[in-house]
Amino acid sequence: MSRVDVMTIDHVACLGGGFIGGSWAALFLAAGKSVAVHDPDRATERRVRETIEEVWPVLRQLGLTESAAPTVELTFHVDARVAVDGAGFVQESISERLGPKYALYRDIEPFLGPSTIVASSASELTLGELQAGWHDPANLVLGHPFGSPHLI
């Protein structure tokens, strides 16, 4: 893995559009990052937009953003490979089952940049279990917030 200056990352992908994924998306948007969200459920866009709208006032109260609404690009993708294209950081927040995680990892790994960091939100799975789903797990880290990401 190449050394990464996380301060220069301007585009992230959120894989999984449940509340945790939406909360991550809001936090990244508040930090001025463009965000690509992937979820195979077509209702994801509505849910994520509702989550962002719900948590945005809290992000403002915490001083994480001054804007009244996100000012950077937010896109939605059914294809995870499209969502991760060009992302310097990927936050994976799909269900905590190895089968679906491994399938997602196999799908996206060939499309990641050499220094793209992939953080998996997993509380019951070990890093070793997650690494087994990768050809080269060097860029995989645990990125579990233990609560709503926009608050932690």
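The values are calculated or read from the model by the stated rules, or taken from the named source; none is laboratory data. This one's a predicted model, so the numbers in the text were calculated from it and none came from an experiment. As a convention, Cβ positions derive from the backbone with ideal geometry for all residues, glycine included, and neighbour counts pool all protein chains shown. To get the accessible areas, we keep the full protein, side chains included, count just its heavy atoms, and leave off ligands, DNA and RNA. Shrake-Rupley method; radii C 1.70, N 1.55, O 1.52, S 1.80 Å.
Structure values in brief
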{"read-out": "Carbon/sulfur fraction of accessible area - the chain, other protein chains in place, 1.4 Å, %", "value": "54"}
{"read-out": "Volume per residue of the C-alpha convex hull in the stretch 44-152, rounded to whole Å³", "value": "118"}
{"read-out": "Backbone HN-Hα couplings from phi across the stretch 46-60 [Karplus 6.51/-1.76/1.60, Hz, Gly and Pro as x]", "value": "4, 4, 5, 4, 5, 4, 4, 4, 5, 8, 4, x, 5, 4, 5"}
{"read-out": "Distance between modelled label sites at residue 46 and residue 136, nm, 7 Å Cα→Cβ extension", "value": "4.2"}
{"read-out": "Heavy-atom accessible area per residue - the stretch 55-152, 1.4 Å, Å²", "value": "52"}
{"read-out": "From phi via Karplus (6.51, -1.76, 1.60), per-residue ³J(HN,Hα) for the stretch 120-130 in Hz, x at Gly/Pro", "value": "9, 8, 9, 9, 10, 10, 8, 4, x, 5, 5"}
{"read-out": "Under-5 Å amide H pairs with residue 120, H placed in peptide plane, nonlocal only", "value": "92, 141, 142, 143"}
{"read-out": "Neighbourhood net charge (14 Å Cβ-Cβ; Lys/Arg +1, Asp/Glu -1) for residue 108", "value": "-4"}
{"read-out": "The stretch 51-152: trypsin sites (Lys or Arg not before Pro) in DSSP coil with no more than 13 other Cβ atoms inside 10 Å", "value": "97"}
{"read-out": "Cβ-based net charge around residue 79, under 10 Å, with every Lys or Arg adding one and every Asp or Glu removing one", "value": "-1"}
